[in-house]
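Here the structure is laid out as structure tokens; the discussion comes afterwards.
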Amino acid sequence: MSRPSTLLPLALCALLPCHGLLAQEPATPLPEAALTPSTVEAPPSDAVKLDPPPASAPAPAAPKSQTVVVNLINRMVERGLLTKEDASDLIKQAEEDAVVAQQQAAMAQAAAEQASTVALMLSSREAGGGASPFPDPLEWGSADDTVRVTYIPENIRNQMREEIKADVMAQAREENWAAPNSMPAWARKVRLFGDVRARYEFIAFPDGNDNTGAFPDFNAINTGRPFDVAGYVFSPQLNTDQDRQRPRLRVRVGGEVTLAEGFSMGLRVATGNDNSPVSTNQSLGAASGQGGNFSKYAIWLDRGYIRYEGGDSERGVRLSVGRFDNPFFSSEVMWDDDIGFDGFAVEGRYRIGPVTPFMSGGLFPVFNTGLNYATNQPAKFKSNDKWLYGIQLGLDWKIREDLEVKFAAAYYDFDKIEGKLSDPFIPLTPDDAGNTDASRPAFAQKGNTYMALRDIISSPLNNYGTLYQYQYFGLATPFRVLALTGKLTYNRFEPIQISLSGEYMRNLAFDQNKINAIAVNNRGPMNAVGLASYDGGDTAWIAGLKVGHTALQKRWDWNVGVNYRYVESDAVVDGFTDSDFGGGGTNLKGYTIFANVALSPDVSMGIRWMAADEIAGPPLKIDVFQIDLSAKF
């Protein structure tokens, strides 16, 4: 066999799987000079030639070790399993196999290094666009002793080049040495994230709802000019009898930057019909506000914070200031899933064996009085700042490997969130301000009980109370809410998880007698003397079951669930609770059924059906059906 026809198979063997021919016994290294392309020489005529194994001997299929084989055979002879003659034959064959394996390994190593050199030279030659400073890879050696490969097919050359290039680039990307200065240091500290959700929503109002004007839209009144209750037109009213459907879009994009010494900062922007604290949904083609006729949509600052984290996930503390995610363990009845908290929060946890106590607390501004309030008065009104003080203590207990329970008790004090009756005055125009107008909620959904804020004097100027009764409305009760939250998870069928969750809430500041004297809504039927007593309440609860994957991380991951809730009118602040169930707000009871499935690791689809009935006041039923398609990165 000539030398050119020997090198080609060896080069191919270095690139293609030849494991069945190579033993794993360490090979005797060849001299370095023998592996250098420029010094490859033909073996002398008296060199030892490598004969193939005997035809009767099977090709080596596993590593061979002379010592192990001899010891094993000797043991078998000692135990009488083999005769000495058979043992001698086996040892002889094993010695021959060991020699063959060593020779094959040495030849494969030399061939692999030669093939790598060939591919490297080919790449260098092509990259240079012409003559290469290296010798022609197909003609190695000196003039007196040249090894010439007469022909290597083009597809083999391409395969050799591409495989080596792919291996090198993969290692370069992994170790970041291909372009070490291509990304600045600050960029490596940034984590970007975002999501897009397209939703179809259908809102149905079954027959029997009251549509006589019993559902004023207090949020529309309080965010506009005061309403003249002595007029002859209805106040803004909530829809109670006409079905609606709307396509909606939610887009959120943000980033978090890791800083030194445990600090980080983050921000997120999001869509939204308005600056609602409980929804980032944008109704496509919305008839009011932004949207319609393919108009562009606004982007709002949804998160922006500085954070410090010390310790780790088991024993650590986290401090946040700015606008950040909900720091409390809670249900959607207490806090909507989209709500962001403004202010300062502290969170901590300390694991002790299977038990991890945790706490959350903070100080959050709900409303800050305008600097020039009232703008149309030379003498300004006193501030009416509103604050939320929250504290929560809880326990996360891993009862056993597949069973865990989490429980917490929280107390939320909404300072000065209730309405306050103004000093007596006579508003002659809608622009005349009362000194407690700022006590009205800046945002509301529906369900809470309201009171009139302005103490309007009856005089000839307003025809003794029959004209110019411009009113704003505030919450009729203070809110100091006790919330007990729990969750039980069972992971026996992991990755499928079964979880039971629930929350009980009660407004400890609720006083039914005081509310009955000032409430303008949530009243029951008229009694015998033509009076309707207050019919609201102070308690809320929710209980639910969820089965499936906790996170939709790969295709066909799924989960399904159901929950039931009972939320009386003044148990929680209606402006911060769930914005989807029953159209949002309180004074609702009913159930929710949902299912979600992953279409890919980053895309999922979900459906939800929510059926809600009003608890106090005139009859009102609202059914909501949603289909979501979500994508994230």
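Got at least one residue in segment 601-610 being touching a residue at least 40 places away in the same chain (Cβ under 8 Å) and either within 26 Å of the chain's Cα centre (by Cα) or closer than 21 Å to THR280 by Cα (or both)? Scanning segment 601-610, I find at least one residue that is touching a residue at least 40 places away in the same chain (Cβ under 8 Å) and either within 26 Å of the chain's Cα centre (by Cα) or closer than 21 Å to THR280 by Cα (or both), so the answer is yes.
For segment 394-501, the strands (runs of 3 or more DSSP E) that sit wholly inside it and include 2 or more residues that are closer than 30 Å to ASN376 by Cβ and hydrophobic (A, V, I, L, M, F, W, C) are 450-452, 473-475. Pairing each residue of segment 378-391 that is under 30 Å from PHE329 (Cβ atoms) with any residue that is of a type in the set (D, E, K, R) and open to solvent by 80 Å² or more (accessible area, probe 1.4 Å), provided the two are 6+ apart or on different chains, yields C-beta distances under 6 Å for LYS386/LYS416. With respect to being of a type outside the set (Ser, Thr, Tyr) and either more than 30 Å from GLN497 (Cα to Cα) or open to solvent by 20 Å² or more (accessible area, probe 1.4 Å) (or both), GLY606 falls outside the description.
Among the conditions (1) among the hydrophobic types (A, V, I, L, M, F, W, C); (2) part of a strand (DSSP E or B); (3) free of Cβ contacts under 8 Å to residues at least 12 places away in the same chain, the only one that ALA551 does not satisfy is (2).
Residues that are within 19 Å of TRP335 (Cα to Cα), part of a strand (DSSP E or B) and not aromatic (Phe, Trp, Tyr) within segment 582-607 comprise LEU588, LYS589, GLY590, THR592, listed in sequence order.
Remark: ILE391 matches the filter, which requires a residue to be open to solvent by 30 Å² or more (accessible area, probe 1.4 Å) and under 30 Å from ASP580 (Cβ atoms). Have a look at TYR534, TYR566 and point out the one that is surrounded by fewer than 20 Cβ atoms within 10 Å (Cβ to Cβ) and of a type outside the set (Lys, Arg). Going through TYR534, TYR566 in turn, just one is surrounded by fewer than 20 Cβ atoms within 10 Å (Cβ to Cβ) and of a type outside the set (Lys, Arg): TYR566. Scanning segment 72-88 for residues that are part of a helix (DSSP H, G or I), over 60 Å from the mean Cα position of the chain (by Cα) and of a type in the set (A, V, I, L, M, F, W, C) yields ILE73, MET76, VAL77, ALA87.
Look at segment 82-107: where a residue is more than 14 Å from LEU72 (Cβ to Cβ) and in contact (Cβ under 8 Å) with a residue 12 or more places away in the chain and a partner is polar (S, T, N, Q) and open to solvent by 70 Å² or more (accessible area, probe 1.4 Å), sitting 6+ places away or on another chain with Cβ atoms under 7 Å, you get GLN102/THR28; ALA106/THR28. Checking GLY583, GLY590 one by one, the residue that is out of contact with any Ser or Thr (no Cβ under 7 Å at 6 or more places or on another chain), in contact (Cβ under 8 Å) with a residue 60 or more places away in the chain and within 19 Å of ASN522 (Cβ to Cβ) is GLY583 and no other.
Please tell me if ASN376 is within 30 Å of THR429 (Cβ to Cβ) and touching a strand residue (DSSP E or B) at 6+ places or on another chain (Cβ under 9 Å). Criteria not met by ASN376. Being in contact (Cβ under 8 Å) with a residue 40 or more places away in the chain and within 22 Å of LYS487 (Cα to Cα) is the filter here; which residues of segment 508-540 pass it? ALA540 - this is the single residue of segment 508-540 that is in contact (Cβ under 8 Å) with a residue 40 or more places away in the chain and within 22 Å of LYS487 (Cα to Cα). Taking the listed residues ILE615, ILE542, the one that is open to solvent by 10 Å² or more (accessible area, probe 1.4 Å), within 24 Å of ASP207 (Cβ to Cβ) and at pLDDT 95 or above is ILE615, with no other qualifying. The residues listed here are SER501, SER600, SER579; of these, the one that is modelled with pLDDT of 95 or more, out of contact with any Gly (no Cβ under 7 Å at 6 or more places or on another chain) and more than 30 Å from ALA452 (Cα to Cα) is SER600.
Restricting the search to segment 254-304, which residues are open to solvent by 70 Å² or more (accessible area, probe 1.4 Å), touching a residue at least 12 places away in the same chain (Cβ under 8 Å) and not charged (D, E, K, R)? Matches in segment 254-304: THR258, LEU259, PHE263, MET265, LEU267, ASN275, LEU284, GLY289, TYR297, ILE299, TRP300, LEU301.
Just one residue in the set GLY343, GLY348, GLY361 is open to solvent by less than 40 Å² (accessible area, probe 1.4 Å), farther than 18 Å from LEU393 by Cβ, part of a strand (DSSP E or B) and touching a strand residue (DSSP E or B) at 6+ places or on another chain (Cβ under 9 Å); that residue is GLY343. If the condition is being touching a residue at least 40 places away in the same chain (Cβ under 8 Å) and surrounded by 15 or more Cβ atoms within 10 Å (Cβ to Cβ), then segment 307-319 contributes ARG307, TYR308, GLU309.
Okay, residues lined up against (1) touching a Phe, Trp or Tyr at 6+ places or on another chain (Cβ under 6 Å); (2) under 30 Å from ALA220 (Cβ atoms); (3) among the polar types (S, T, N, Q); (4) surrounded by 20 or more Cβ atoms within 10 Å (Cβ to Cβ):
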| site | (1), (2), (3), (4) |
| --- | --- |
| THR356 | no, no, yes, no |
| LYS406 | no, no, no, no |
| ASP415 | yes, yes, no, no |
| SER422 | no, yes, yes, yes |
| LEU428 | yes, yes, no, no |
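The values are calculated or read from the model by the stated rules, or taken from the named source; none is laboratory data. Everything numeric here is computed off the predicted structure, so don't read it as measured data. Heads up, the Cβs are rebuilt from the backbone with ideal geometry, glycines too, and the neighbour counts pull from every protein chain shown. In case anyone asks, the SASA skips ligands and DNA or RNA and just uses the protein heavy atoms, side chains included. Shrake-Rupley method; radii C 1.70, N 1.55, O 1.52, S 1.80 Å.
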